[in-house]
2 protein chains.
Amino acid sequence: MKTTGLIIVNTGNGKGKTTAALGLALRAWGQKLRILIIQFIKGNTSYGELEALAALPGNRLQIYQMGEGFTRKNTGVEQADHIKAAQKALEKAYAEELSHSWDMIILDEINYAVKFNLLKTDDVLKIIKNKPPELHLVLTGRDAAAPVIEKADLVTEMTEIKHPYKKGIKAQKGIEF
Amino acid sequence: MKTTGLIIVNTGNGKGKTTAALGLALRAWGQKLRILIIQFIKGNTSYGELEALAALPGNRLQIYQMGEGFTRKNTGVEQADHIKAAQKALEKAYAEELSHSWDMIILDEINYAVKFNLLKTDDVLKIIKNKPPELHLVLTGRDAAAPVIEKADLVTEMTEIKHPYKKGIKAQKGIEF
């Protein structure tokens with residue numbers, strides 16, 4: 001079967017955008033695809049699922065954590081540094097999509113990076129435009145730009161209906177991180 | 001930190017309900033939690049992500065596929081057989097949640113099993129009621145019953161904004177299966 005590379009967007013204010021993308025990476029890995037994950041935001045945090053993905057045998061899945069952990073806390077990092085890190089991640093994404101080394105590239109939180117003016121919408125559109133036809137491209141993050149949604153094949157909005165924080169329950173290991 | 005077991009529901013008509021749950025399993029695995037996945041519907045199908053989860057080292061994650069593959073095609077299986085399989089999965093879920101062998105139990109497509117009258121809403125409420133306080137319970141499937149949503153801590157609705165089938169693109173290996 002010929003592969004049609006899809007442009008997939010997980011957006012919305014709910015949970016599961018990144019988690020579903022990593023679940024997709026898992027599915028793709030099981031189907032022998034080669035997967036690259038570039039994280040645009042969560043640069044200095046450690047996540048259980050990254051540990052787990054790293055535990056998968058072989059070398060078919062790789063993760064690059066770029067960025068400065070922008071969203072989680074005030075780390076004293078300047079906006080200019082965030083922009084620089086995001087640009088670096090963007091250049092990585094351009095180079096890797098043209099390398100034909102991957103069947104799927106996940107650009108985690110790239111929509112969020114645009115929302116916070118670390119990247120331009122046009123930067124993302126350029127990645128989409130340069131995509132080899134057979135490459136699957138997955139873009140996550142809330143508030144995906146309208147022109148990005150326009151170009152996408154599969155768009156899912158994750159909407160928060162209920163959240164435990166609102167009941168006063170603290171973030172739980174293995175759930176929130 | 002004391003663990004508060006959450007009741008998590010992924011519902012809605014969009015993609016990513018099961019995928020996000022499996023991504024959550026991955027995260028939990030990376031955090032050394034013990035995870036049991038019971039699939040209520042996809043009994044006779046093979047999924048890339050299950051291959052991948054099975055490739056994780058150790059024995060901390062187990063998957064039980066119950067049910068008769070109800071949704072995918074007409075297999076000639078009678079409704080009575082589907083009900084029997086769903087009941088068996090339900091009994092497994094009761095027994096396992098009380099075994100204290102798991103930190104997280106994922107009841108994949110259990111909402112769908114209720115929608116198709118294989119289970120009763122009260123069956124699901126009983127599982128929720130019997131849950132040990134520290135156990136995380138994840139329930140997936142579209143059209144989650146209102147009383148189940150009522151009991152849940154974290155509810156996310158995955159909404160389809162755009163789907164490639166509508167553009168005439170066929171299901172892709174590593175994406176759809």
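Laboratory data are not the source of any read-out in this text; all were calculated from the coordinates shown. Since this is a predicted model, take the numbers as computed values, not measurements. So basically every Cβ, Gly included, is an ideal-geometry build from the backbone, and we count neighbours across all protein chains shown.
Taking Cβ atoms as reference points and 13 Å as the exclusive limit, the residues near B:L56 contribute a net charge of 0, counting Lys and Arg as +1 and Asp and Glu as -1. In order along the range A:138-152, the Karplus-derived 3J(HN,Hα) couplings, from 6.51 cos²θ - 1.76 cosθ + 1.60 at θ = phi - 60°, round to 10, 10, 10, x, 5, 6, 3, 5, 4, x, 6, 4, 4, 7, 6 Hz, and Gly and Pro are given as x. Calculated translational diffusion coefficient of the protein assembly as shown (10 °C, 1.306 mPa s; Stokes-Einstein with Kirkwood radius over alpha-carbon pairs) equals 77 µm²/s. Apply 1/(1 + (r/R0)^6) to the Cβ-Cβ distance of A:R142 and A:K32, taking R0 = 30 Å, and write down the FRET efficiency to the nearest 0.05. So, using R0 = 30 Å, E works out to roughly 0.40. Each of A:I127, B:I41, B:I63 was scored by other Cβ atoms within 10 Å of its Cβ. Listed from fewest to most, they are B:I63, A:I127, B:I41. Of all aspartates and glutamates in the structure, the ones whose alpha carbon falls short of 13 Å from that of A:K88, not counting any fewer than 8 places away in one chain, are A:E68, A:E96, A:D123. Each label point was placed 7 Å from the Cα along the Cα-to-Cβ direction; for B:K115 and B:A55 their separation is 3.1 nm. Applying the Kirkwood pairwise sum to the alpha-carbon positions of the range B:138-177 produces a hydrodynamic radius of 12.8 angstrom. Take the Cα radius of gyration of the range B:93-150 and divide it by 2.2 N^0.38 Å, N being the number of residues; the result is 1.07.
Counting other Cβ atoms within 10 Å as a rough exposure proxy, the listed residues B:F177, A:F116 run B:F177, A:F116 from fewest neighbours to most. Taking amide H as placed 1.01 Å from N in the peptide plane, B:H136 has its amide H under 5 Å from the amide H of B:L6, B:M104, B:I105, each at least 5 places away in sequence or on another chain.
Annotation: the residues A:H82, A:H100, B:H136, sorted from fewest to most other C-beta atoms within 10 Å of their own C-beta, follow the order A:H100, A:H82, B:H136.
Working note: Cα gyration tensor of chain B, eigenvalues times five, square-rooted, sorted largest first, giving semi-axes of 24, 20, 17 Å.
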